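Okay, so here's the structure we're looking at.
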Amino acid sequence: GALLIKPENVRLLELTLDQLMAVISFEHNSVILPSEEFHGTDLFSRKGIWRKIAKGERYVNSVLDRAFQVLSIVEFSILLQGIDKKRLEDRYSLPGDPHRLALKFLIEKIDRKLEDFDSFGIIICDETGSALEKDAYRDLLRELQVHGTGGPYARKIVRVVDTLHFVSSKKSRGIQAIDLITFLHRRISVHTHASDAENQFTKMLWDKVRDKVVYQRTWAP
């Protein structure tokens, strides 16, 4: 997933999420630090520091509700690209890396949206596991910039400039925002054993950002 967001709105996102975490820290006598991360896996599963919250599920749900309320008021666009891994593996003997495929398709769509807005941009990514992986993804972008995407609707990537930049999600409220959104989207899409209460809650959260989605596709070869 990706947020397409102007620099001034990145600043607004940072300030509002910082303020929300400061309030949460105050509510719990600094058991949670103001610098704490909004992380989808930990929040939705109540792991990590959220285990320490005495009020349990209801309180963590209120944190998610307030976080998505913040996301609803900041101006940005959401792009979501999935890969049907099972169909990919069933169809190809050497199917390739689904993460690389998803990134390729997402970069292409970001480039097209930037063209629609007559703008240019850089891509800032969540930190990956290794330097080799980061270099491989940077090489992919460079290949798309120089040689194009291939396929029936081939294009060179010209609106995404420079290279891919990687940062720790703990240091970036923007990365935390798209992490929350993509985690929620995936949970709604593939979590088949959710209770009625969870389904209602996640739908309520999704409704806060639904109108910001400008692209949503799962590639099924």
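Observations, loosely collected:
- Each 10 Å bin from 0 upward holds the following percent of the Cα-Cα pairs of the stretch 68-201: 10, 33, 38, 16, 3.
- Charged-residue dipole, Cβ positions (Lys, Arg, Asp, Glu), the stretch 74-119 about Cα centre, Debye nearest 20: 320 debye
- Hz values of 3J(HN,Hα) by residue in the stretch 146-163 - Karplus curve (6.51, -1.76, 1.60), Gly and Pro given as x: 8, 10, x, 8, x, x, x, 10, 4, 7, 7, 7, 10, 8, 7, 10, 6, 10
- Sites listed here are trypsin sites (Lys or Arg not before Pro) in the stretch 136-221 whose DSSP assignment is loop and whose Cβ has at most 13 other Cβ atoms within 10 Å: LYS156.
- Placing unit charges on the Cβ atoms only, positive for Lys and Arg and negative for Asp and Glu, gives the stretch 67-210 a dipole magnitude near 100 debye about its Cα centre.
- Normalised contact order of the chain, rounded percent, pairs of Cα under 8 Å and 6 or more residues apart: 31 percent
- Across the stretch 85-95, coupling constants 3J(HN,Hα) worked out from phi with the 6.51/-1.76/1.60 Karplus curve, θ = phi - 60°, read 5, 5, 5, 4, 5, 5, 8, 10, 6, 10, x Hz, and Gly and Pro carry x.
- The distance between label points at SER195 and SER45 comes to 1.9 nm (points 7 Å beyond Cα on the Cα→Cβ vector).
- 222 nm mean residue ellipticity, helices alone, for the chain (DSSP H n ≥ 4; -39,500 (n - 2.57); rounded to 500): -17500 deg cm²/dmol
- Helix 7-27 axis versus longest C-alpha principal axis of the chain: approximately 30°, rounded to the nearest ten.
- For the stretch 55-141, applying the loop criterion from DSSP together with a ceiling of 10 other beta carbons within 10 Å to the chymotrypsin sites (Phe, Trp or Tyr not before Pro) yields TYR92.
- The stretch 98-112 - phi-based ³J(HN,Hα) in whole Hz, Karplus 6.51/-1.76/1.60, Gly and Pro as x: x, 5, 5, 4, 4, 5, 4, 5, 5, 4, 4, 5, 4, 4, 5
Values quoted throughout were computed directly from the atomic coordinates according to the rules given, and no laboratory measurement underlies them. Quick caveat, the model's predicted, so the values are computed rather than measured. A quick note on method: Cβ atoms are made from the backbone with ideal geometry, for glycine too, and the neighbour counts reach across all protein chains shown.
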